[in-house]
1. Pairs please, first residue from the stretch B:28-56 and within 7 Å of chain A (Cβ to nearest Cβ), second anywhere and hydrophobic (A, V, I, L, M, F, W, C) and not in a strand (DSSP E or B), Cβ atoms under 7 Å, 6+ apart in sequence or on different chains.
2. A:N75 passes all but one of (1) in a strand (DSSP E or B); (2) within 26 Å of B:G102 (Cβ to Cβ); (3) open to solvent by 20 Å² or more (accessible area, probe 1.4 Å); which number fails?
3. Of the conditions (1) more than 8 Å from every other protein chain (Cβ to nearest Cβ); (2) in contact with a Cys (Cβ under 7 Å, 6 or more places away or on another chain), A:V60 fails just one. Which one is it?
4. Counting just the residues of the stretch B:56-74 that are open to solvent by 30 Å² or more (accessible area, probe 1.4 Å), assigned to a strand (DSSP E or B) and of a type outside the set (K, R), which one comes out nearest to B:Q2 (Cα to Cα)?
5. Please name all residue pairs, on different chains or six or more residues apart, with Cβ atoms under 6 Å, provided the first residue is in the stretch A:85-102 and is more than 8 Å from chain B (Cβ to nearest Cβ) and surrounded by fewer than 19 Cβ atoms within 10 Å (Cβ to Cβ) and the second residue is among the charged types (D, E, K, R) and outside any strand (DSSP E or B).
6. Looking at the stretch B:28-45, which of the residues that are surrounded by 13 or more Cβ atoms within 10 Å (Cβ to Cβ) and among the hydrophobic types (A, V, I, L, M, F, W, C) is nearest to the chain's Cα centre (by Cα)?
7. If I filter the stretch B:16-27 down to residues being touching a residue at least 60 places away in the same chain (Cβ under 8 Å), open to solvent by less than 60 Å² (accessible area, probe 1.4 Å) and out of contact with any His (no Cβ under 8 Å at 6 or more places or on another chain), which single residue comes out as farthest from A:S5 (Cα to Cα)?
8. Do we have any residue at all in the stretch B:89-98 that's modelled with pLDDT of 95 or more and charged (D, E, K, R)?
Amino acid sequence: DTAVSQTPKYLVTQMGNDKSIKCEQNLGHDTMYWYKQDSKKFLKIMFSYNNKELIINETVPNRFSPKSPDKAHLNLHINSLELGDSAVYFCASSQDNRPNQPQHFGDGTRLSIL
Amino acid sequence: AQSVTQLDSQVPVFEEAPVELRCNYSSSVSVYLFWYVQYPNQGLQLLLKYLSGSTLVKGINGFEAEFNKSQTSFHLRKPSVHISDTAEYFCAVSDTDKLIFGTGTRLQVFP
């Protein structure tokens, strides 16, 4: 059983398109996250939701819109894709949003913009 | 703001040799520190964490780390590495509501 699962694993698309990435966790956690990992492996948080409410939004362009239909799901929709959006996007979850809680990561979605 | 510095971007080592991956952090408050490992084409996996108490923390796969408050360090060590330890290792410090990651250290183990 995969704890944090993301789909799709690979996403290749053209500039200007709109795409979505889905994430689901079966750990019963309250908090979920989206991270972006660039080509130099640098990881930066984008969003965090706790009990379906947005608690972190790290100066991400408005083209990125997270949606949490329930505690177990956090999807990421990206409008008008740009070349600079090419990266690996990771979903993660934790028991709650206290700073001492370790995070569990999905295997990532590799987004390539042509 | 908190930050994490991983001084070595790459660490090459022969199998069965000891290894130390260095991590320094900056923080003006109490910290929680983590080491994660990322194998190729996979997500991050927790190796170990320091929350409080004993400064020597043991993790999975034979790794351990020592929290040193005076030197603001949290170096990761393993006494004898295996080929399968080849991966990217990330140190992270927990801010009030988010993890701040270092830039990663690529551990390459040679036979």
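1. Final answer for the pair search is B:Y32/B:L51.
2. Going through (1) in a strand (DSSP E or B); (2) within 26 Å of B:G102 (Cβ to Cβ); (3) open to solvent by 20 Å² or more (accessible area, probe 1.4 Å) one by one, A:N75 breaks only (2).
3. That leaves (2) as the condition not met.
4. B:N68
5. Correct list of pairs: A:D96/A:D30.
6. Residue satisfying both the conditions and the ranking: B:W35.
7. Per the criteria, the residue is B:A17.
8. no
The values are calculated or read from the model by the stated rules, or taken from the named source; none is laboratory data. Fair warning: this is a prediction, and the values are worked out from it, not measured in the lab. As a convention, Cβ positions derive from the backbone with ideal geometry for all residues, glycine included, and neighbour counts pool all protein chains shown. Heads up: the accessible areas ignore ligands, DNA and RNA and are worked out on the full protein's heavy atoms, side chains in. Shrake-Rupley method; radii C 1.70, N 1.55, O 1.52, S 1.80 Å.
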